[in-house]
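Worksheet: one structure, shown below.
The values are calculated or read from the model by the stated rules, or taken from the named source; none is laboratory data. Being a predicted model, the structure only gives us computed values, none of them experimental. Cβ placement follows ideal geometry from the backbone for every residue including glycine, while neighbour counts extend to all protein chains displayed. We work out accessible area using only protein heavy atoms, side chains counted, and drop any ligands, DNA or RNA first. Shrake-Rupley method; radii C 1.70, N 1.55, O 1.52, S 1.80 Å.
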Amino acid sequence: MLKNYFKIAIAVLKRRKFFTFISLFGISFTLTILIVMTAFVDNITGANYPEVNRERSLYITTLQQKNVKYFSQQNGPASFYYLDHYVRTLKTPAKVAISSLFSPTNTYINNKKLVINLKYTNDAYWDVMEYKFIEGKPYTLQQINNGERIAVISEDTKKNYFGDVPNVVGKYIEADNVQYRVAGVVKSVPATMFVSYADLYVPYTVSKTDYKHKSLMGNYTAILLGNSKEDLPKIKAEYASVVSKIKPDGGFDVFVSGADPYLGSFLRATPLGDSRNGGISKLIFIGSIFVLLFMLLPTLNLININISRIMERSSEIGVRKAFGASGMTLVGQFIVENIILTFFGCIIGIALSFLILQVLNNSNLIANMHLTVNLTVLFFSLVACVVFGLLSGVYPAWRMSRLQVVTALKAQ
Amino acid sequence: MIPAETSENVLQNSHIINHQNVMISLKNIEKVYRTDTVETLALNNISLNINKGEFLSIMGPSGCGKSTLLNIMGLLDAPTRGEVSIDKHDTTQLNDKKLAAFRNRKLGFIFQSYHLINDLQVLDNVELPLLYRNSSAKERRQLSIEALEKVGLSNRMKHFPTQLSGGQKQRVAIARAIVGQPEIILADEPTGNLDSAMGSEIMDILLQLNERDGTTIVMVTHDENMARKTHRLVRLFDGTQVQ
Ligand SMILES: Nc1ncnc2c1ncn2[C@@H]1O[C@H](COP(=O)(O)OP(=O)(O)O)[C@@H](O)[C@H]1O
Ligand SMILES: [Mg+2]
């Protein structure tokens, strides 16, 4: 029976090449976009190198100060002073990494301009992040306190600045008119990792801006590492109680900040943001609705195509009914045919996604970014295929099964 | 009108005698087609008994209701009024699923325009009725080959319908109609699209089926010569039985 369905399905698909192409294109294209998009999202939000501890980390990326009377508001990263004073001193986190946003500086090598993104960090930064050291090691607390001009550079920077040499630890690199001694070289991070990406990492104590300035706002972010995932609520609570006692800068009367999971920490200051998890659930909700709507298009397309195909096949329907197929049997046949079609669409879509990701990874569109297919997404894509097949098959099949035999035979 | 009714009564009476052997029984069948503006009375109070093993032909001018009558006998269409019994089963109350099973077991159809499925090979076309029974693939294949042998087409199994002549297509259609060994075959102008040589070939196959296997056959035809070869002739005029 199934083999027979398969035969007829293939025959119908072959006969209606254009419709088949449109259907397959709709399904596979939608699926490809979904998989590639989620690979991007996954790459940006997932616990990838070097932020592999995101599961047990909380981020403080934005502070918010408000003046209720004048409806004014200031959002932005924290000052070093703030993070060092109020966050590093928290008791519940195991470690607190503090680092500045990366900022581009120019350097010249053999009269060629090279843009180097510079990031200031504290020592715990190297414990919270799991950078892979290709040579050397991070700078120590002692070196930071001494204000040594010492640096960790990325592998790309090593290549660009020093060329193809085996060893650069102990050599000097110039950035922003300052000579830094190289302490270590780490595997490069893609720019999509906003917190951990940089070309040159140096101690915060060598920063030209005054890291002791006591205003709350600045350009530093913190990562609070818990001993385990279970510690995170405690850390959140402790930080919240500290925040409640902090007075905003002059001119403001409300101060808001929270320690959130990675994505939530960026959402907090947006309209999506809320104080519980920074709005992630809302984002997921909106994302799901978007994905559903997105998948609805090829489904509607398929339903449409299927209905017109039914009319073409009314003679077949009539014959099958005349020789003993019940309405339900025909519904079954049509759904199976449709699932076969969507299955092919899915296979093509998945193959296409792998191909596109491969091309994207090789093209170095974003340096050092490595996109991978999220297995969960892959699984749900396959489930979506079945749903596609059912959705787009059921209604036309139901209409078909209700055709009177005589009517079906006559309509030719 | 009066002579028609009397002759019908006579016919009916003659069949009541061997009531045991009635295969198809139509009682006061009326069929009205309603469209937005017109009401067509396609069949007007038709009562007819057809015996087991009988070969009946139906004749009449175009549009007089022959196909409608045959479709109602074959449970492809429901009458507006009246009862259809097949092999002593009243079919009026059967639901879609039961009707389908009934058609599958009892009935085989042959249409004027063949109605083969062009996407399937000859063998798969012939197998069709067996798909809706519990039979294994091997069994289906075996029976289909046998049916094709009966109509002399076992060398065309792997062809597609579009590669066959009209006569060959109709023979495939006959193979499909007989593959499930139904007790009744309903043929609506089976030779209507064929030249006379091919037409008589088809007719010979049907006669053989009737004589050898005892299959009850009802055939609509325009050909007096063919009708003459059958046991009984029913004539319709404007939805009414006139002979
Ligand atoms: N589906 C239908 N809708 C409306 N009228 C129909 C339909 N089918 C048949 N008729 C009408 O019923 C009458 C009998 O049709 P039919 O049984 O096909 O005649 P025949 O087979 O004897 O040529 C004709 O007048 C025809 O126009
Ligand atoms: Mg007709």
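Given the options B:Gln93, B:Gln208, B:Gln142, state which has the largest fluctuation in a GNM of chain B using a 10 Å cut-off (strictly under) for Cα springs.
Comparing B:Gln93, B:Gln208, B:Gln142 in a Gaussian network model of chain B, the most mobile one is B:Gln93.
Please list 3J(HN,Hα) in residue order for segment A:219-230, calculated via the Karplus relation 6.51 cos²θ - 1.76 cosθ + 1.60 where θ = phi - 60°; whole Hz, with x for glycine and proline.
9, 10, 10, 10, 10, 9, 9, x, 5, 8, 4, 5
For chain A, find the longest principal axis of its Cα atoms and tell me its angle to the long axis of helix A:327-363, 0 to 90°, nearest 10.
Between the helix axis and the principal axis of chain A, the angle is about 30 degrees.
How far is the Cα center of segment A:294-370 from the Cα center of segment A:142-164, in Å?
What the calculation gives is 54 Å, centre to centre.
What lysines could a cross-link reach from B:Lys97, if we take a straight Cα to Cα line under 30 Å and drop same-chain neighbours fewer than 8 places away?
A:Lys3, A:Lys7, A:Lys321, A:Lys410, B:Lys27, B:Lys31, B:Lys52, B:Lys66, B:Lys88, B:Lys106, B:Lys138, B:Lys169
Is it possible to state the helix-based mean residue ellipticity at 222 nm for chain B, with each DSSP H run of 4+ residues giving -39500 (n - 2.57), the sum divided by total residues, to the nearest 500 deg cm²/dmol? What is it?
-11500 deg cm²/dmol
Mind listing the lone cysteines of the protein assembly as shown, meaning no other Cys beta-carbon sits under 4.7 Å from theirs?
B:Cys64
Once the Cβ-Cβ distance between A:Ile44 and A:Leu378 is put in as r, and R0 is 22 Å, what FRET efficiency do you end up with, to the nearest 0.05?
Using R0 = 22 Å, I get an efficiency of 0.75.
Rounded to two decimals, what is Rg over Rh for the protein assembly as shown when you use alpha-carbon atoms and the Kirkwood radius?
Rg/Rh: 1.29.
Under a crude label model (7 Å from the Cα following the beta-carbon direction), how far is A:Arg402 from A:Asn362 in nanometres?
5.2 nm
Test of understanding: what is the full-extension gain from B:Asn134 to B:Glu146, defined as 0.36 nm times their sequence separation minus their Cα-Cα distance?
Length gained, B:Asn134 through B:Glu146: 2.5 nm.
In percent, what relative contact order does chain A have, based on Cα pairs under 8 Å that are 6 or more apart in sequence?
25 percent
Rounded to the nearest 0.05, what FRET efficiency do A:Ser288 and A:Glu130 give with R0 = 41 Å and r taken as the Cβ-Cβ distance? Could you check?
0.85
Between B:Glu83 and B:Thr35, with labels modelled 7 Å along Cα→Cβ, what's the label distance in nm to one decimal, could you check?
Using points 7 Å along Cα→Cβ, the separation is 3.4 nm.
Can you pick out the pairs among A:Lys214/A:Lys234; A:Lys137/A:Lys208; A:Lys171/A:Lys214; A:Lys214/A:Lys236 whose Cα atoms lie more than 30 Å from each other?
A:Lys171/A:Lys214
Rg/Rh for segment B:126-243: what does it come to with C-alpha atoms and Rh from Kirkwood?
My calculation of the ratio gives 1.00.
Give me the one-decimal Kirkwood hydrodynamic radius in Å for segment A:63-256, with the sum taken over alpha-carbon pairs.
In segment A:63-256 this quantity evaluates to 18.0 Å.
Ignoring solvent entirely, what values of log10 I(q)/I(0) come out of the Debye formula for segment A:17-164 at 0.15, 0.19 Å⁻¹ when each Cα is a single scatterer?
-1.02, -1.32
What is the sum of charges around A:Ala198, taking Lys and Arg as +1, Asp and Glu as -1, for the other residues whose C-beta is under 14 Å from the C-beta of A:Ala198?
Overall, the nearby charge balance is -2.
Could you work out how far the C-alpha centroid of segment B:207-227 sits from that of segment A:197-263, in angstrom?
Between the Cα centre of segment B:207-227 and that of segment A:197-263, the gap is 95 Å.
What is the Cα coordinate range of segment A:294-412 on the first, second and third principal axes, sorted by size from largest, in whole angstrom?
Dimensions of segment A:294-412 along the principal axes of its Cα atoms: 66, 24, 21 Å.
Excluding ligands and nucleic acids, what accessible area in Å² is computed for B:Asp87 using a 1.4 Å probe, to the nearest 10?
Rounded to the nearest 10, that gives 30 Å².
Counting other Cβ atoms within 10 Å, keep those with at most 16, restrict to DSSP loop, and tell me which trypsin sites (Lys or Arg not before Pro) in segment B:62-123 are left.
B:Lys88
When only C-alpha pairs under 8 Å and at least 6 residues apart count, what is the relative contact order of chain B, in percent?
Relative contact order, chain B: 28 percent.
Just to be sure I follow: if Rg is taken over the C-alpha atoms of chain B and Rh is the Kirkwood radius over the same atoms, what is Rg/Rh?
0.97
Which of the trypsin sites (Lys or Arg not before Pro) across segment A:343-412 are loop residues per DSSP, with 16 or fewer other Cβ within 10 Å?
Qualifying residues, ordered by number: A:Arg402.
Where does chain A land at 222 nm, in deg cm²/dmol rounded to the nearest 500, when only DSSP H runs of n ≥ 4 count, each adding -39500 (n - 2.57), divided by all residues?
Using -39500 (n - 2.57) per qualifying helix, the result is -15500 deg cm²/dmol.
What angle do you read, to the nearest 10 degrees and between 0 and 90, between the alpha-carbon axis of helix B:96-106 and the longest principal axis of chain B?
For B:96-106 against chain B, the angle is about 70 degrees.
Pick out, from A:Tyr82, A:Thr376, A:Ile350, the residue whose Cα sits farthest towards the positive end of the charge dipole of the protein assembly as shown, with +1 on the Cβ of Lys and Arg and -1 on the Cβ of Asp and Glu.
A:Tyr82
When the chain is fully extended, how far beyond the present Cα-Cα distance does A:Leu297 get from A:Ala351, taking 0.36 nm per residue of separation?
Contour length minus Cα-Cα distance gives 17.3 nm.
Pop out the ³J(HN,Hα) list for segment A:282-298 in order, Karplus 6.51 cos²θ - 1.76 cosθ + 1.60 with θ = phi - 60°, rounded to Hz; leave Gly and Pro as x.
Residue by residue, segment A:282-298 yields 5, 5, 5, 4, 4, x, 5, 4, 4, 4, 4, 4, 5, 7, 5, 4, x Hz.
So what's the net charge close to A:Glu312: Lys and Arg +1, Asp and Glu -1, counting the other residues with Cβ under 12 Å from its Cβ?
Charge balance near A:Glu312 sits at +2.
With the crude spin-label approximation of a point 7 Å out along Cα→Cβ, what separation in nm comes out for A:Val394 versus B:Asn225?
Distance between the two pseudo-spin positions: 5.8 nm.
Hey, quick one: spin label on A:Asn146, modelled 7 Å out along Cα-Cβ, who in segment A:159-186 has an amide N within reach, i.e. under 20 Å?
Taking a point 7 Å out along Cα→Cβ of A:Asn146, the residues of segment A:159-186 whose backbone N falls under 20 Å are A:168-174, A:178-185.
Using only Cα atoms, tell me the angle between helix A:17-45 and the longest principal axis of chain A; keep it within 0 to 90° and round to the nearest 10.
The answer is roughly 20 degrees.
To the nearest 10 Å², what's A:His213's accessible area with a 1.4 Å probe?
Ignoring ligands and nucleic acids, A:His213 comes out at about 110 Å².
Using alpha carbon centroids, what distance separates segment B:160-194 and segment A:6-84, in Å?
59 Å
Using Cα pairs closer than 8 Å and at least 6 residues apart in sequence, work out the relative contact order for segment A:63-256, in percent.
34 percent
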